[in-house]
1. I'm checking my understanding of the structure. Among residues of the stretch 93-108 that are of a type outside the set (A, V, I, L, M, F, W, C) and closer than 22 Å to Leu190 by Cα, which one is farthest from the ligand (Cβ to nearest atom)?
2. If Glu112 satisfies all but one of (1) open to solvent by less than 30 Å² (accessible area, probe 1.4 Å); (2) within 15 Å of the ligand (Cβ to nearest atom), what's the number of the condition it fails?
3. Looking at (1) over 25 Å from Arg18 (Cβ atoms); (2) out of contact with any Phe, Trp or Tyr (no Cβ under 9 Å at 6 or more places or on another chain), can you tell me which one Leu129 breaks?
4. Where the second residue is within 16 Å of the ligand (Cβ to nearest atom) and the first is modelled with pLDDT under 95 and lies in the stretch 132-151, which pairs have Cβ atoms under 8 Å and are six or more apart or on separate chains?
5. Which one is most open to solvent (accessible area, probe 1.4 Å) among residues in the stretch 181-211 that are among the polar types (S, T, N, Q) and within 8 Å of the ligand (Cβ to nearest atom)?
6. When the stretch 235-245 is examined, which residues are found to be assigned to a loop (DSSP other than H, G, I, E, B) and buried (at least 16 other Cβ atoms within 10 Å of the Cβ)?
7. Any idea which residue in the stretch 74-111 is farthest from Gly138 (Cα to Cα), counting only those that are β-branched (Val, Ile, Thr) and touching an Asp or Glu at 6+ places or on another chain (Cβ under 8 Å)?
8. Provide a single number: the residues in the stretch 30-68 that are out of contact with any Gly (no Cβ under 8 Å at 6 or more places or on another chain) and within 8 Å of the ligand (Cβ to nearest atom).
Amino acid sequence: MALDDLTGKVALVTGASRGIGRAAALALAAAGADVAVNYRSRGAAARETCSLIRGLGRRSLELRADVSQAREVAAMVAAIEGDLGRVSILVNNAGIVSQKHLAEISEADWDEMLAVNLKSAFLATRAVLPGMRAQGWGRIIYLSSIAAQTGGVTGPHYAASKAGLLGLTHSYARHLVREGITVNAVAPALIETEMVTRNLAVTPEVIPVGRFGTPEEVAEVIVMLARNGYITGQTINVNGGWYMS
Ligand code: NAP
């Protein structure tokens, strides 16, 4: 059976103003999808992503929403459905990181990390699922991290949020497996984005291949998961050989 054609499908990529999210949005557009571009604060960058998508001949829409807020996520998905149509592909990518000493991680740090990185995935999935179920087709892709597998270099709050996404992946995948909806996680390590270059004290030498990864190397895997109907409940590692499963 051929891989699924993404032409005319509507994708929502959260945190698509820059980094991995922008690369995923462009790769999905190049594969034929119309793409809704979510961001939190960088409107100009999100508009630039949209204009690059339109340059590929696809429709696009930029949407400001804090993905940790239920009302904002629901309003965002309603706006996409009204403009582009029902969401068929969710790339739950928006995320934050902070590298702190263990004793410095406050309850507020924990709550913010879990809300932006993990609760967001539940909120976005809940909002797009009725549309996917009605179509009998859907692709849900969560951006986890090597931190879920090894603890990583950031902190327990980040690692826990990313490990939580793997539980979410397994549960949704199991519940939705007969409905044409696949659910998978991508676990990158040290991709050269602002998250790494501005926030983390790390150098490429820690990676076995000896360099940071590129957002495009992650985006390619996201498109593969969007086109493949037989992979579900899996974690795909894109980590330069740092963690081998
Ligand atoms: P990034 O360059 O820091 O970009 C983060 C994106 O998330 C931006 O578009 C940002 O929007 C958006 N965002 C942050 N908080 C948000 C919120 N509350 N609501 C809506 N949007 C929000 O990050 P990245 O490196 O591309 O990482 C993308 C994902 O991959 C994250 O989930 C990250 O944890 C995961 N990941 C990354 C790496 C890596 O090495 N880079 C490794 C493992 C996992 P604004 O531009 O508007 O601020």
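1. Let us first name the residues in the stretch 93-108 that are of a type outside the set (A, V, I, L, M, F, W, C), namely 93, 95, 98-101, 104, 106-107.
Narrowing further to those that are closer than 22 Å to Leu190 by Cα: 93, 95, 98-101.
Working: Asn93: 5, Gly95: 2, Ser98: 11, Gln99: 12, Lys100: 15, His101: 20 Å.
Residue satisfying both the conditions and the ranking: His101.
2. In the conditions (1) open to solvent by less than 30 Å² (accessible area, probe 1.4 Å); (2) within 15 Å of the ligand (Cβ to nearest atom), Glu112 misses (1) alone.
3. (2)
4. Short answer, once both residue conditions are applied: Gly151/Ala159.
5. Keep residues of the stretch 181-211 that are among the polar types (S, T, N, Q), which gives 182, 184, 193, 197, 199, 203.
Checking which are within 8 Å of the ligand (Cβ to nearest atom) leaves us with 193, 199.
On the way: Thr193: 22, Asn199: 78 Å².
Per the stated criteria, the residue is Asn199.
6. Here is the first cut: in the stretch 235-245, the residues assigned to a loop (DSSP other than H, G, I, E, B) are 239-245.
Answer for the stretch 235-245, where residues must be assigned to a loop (DSSP other than H, G, I, E, B) and buried (at least 16 other Cβ atoms within 10 Å of the Cβ): Asn239, Gly240, Trp242, Tyr243.
7. First, pick out the residues of the stretch 74-111 that are β-branched (Val, Ile, Thr): 77, 80, 87, 89, 91, 96-97, 105.
Filter once more, so that each one left must be touching an Asp or Glu at 6+ places or on another chain (Cβ under 8 Å): 87, 96.
Values: Val87: 8, Ile96: 26 Å.
This residue is Ile96.
8. Residues flagged as out of contact with any Gly (no Cβ under 8 Å at 6 or more places or on another chain) and within 8 Å of the ligand (Cβ to nearest atom) within the stretch 30-68 amount to 8.
The values are calculated or read from the model by the stated rules, or taken from the named source; none is laboratory data. Nothing here was measured: the structure is a model prediction, and the numbers come from that model. Heads up, the Cβs are rebuilt from the backbone with ideal geometry, glycines too, and the neighbour counts pull from every protein chain shown. Areas reflect the complete protein model, heavy atoms only, side chains present, ligands, DNA and RNA absent. Shrake-Rupley method; radii C 1.70, N 1.55, O 1.52, S 1.80 Å.
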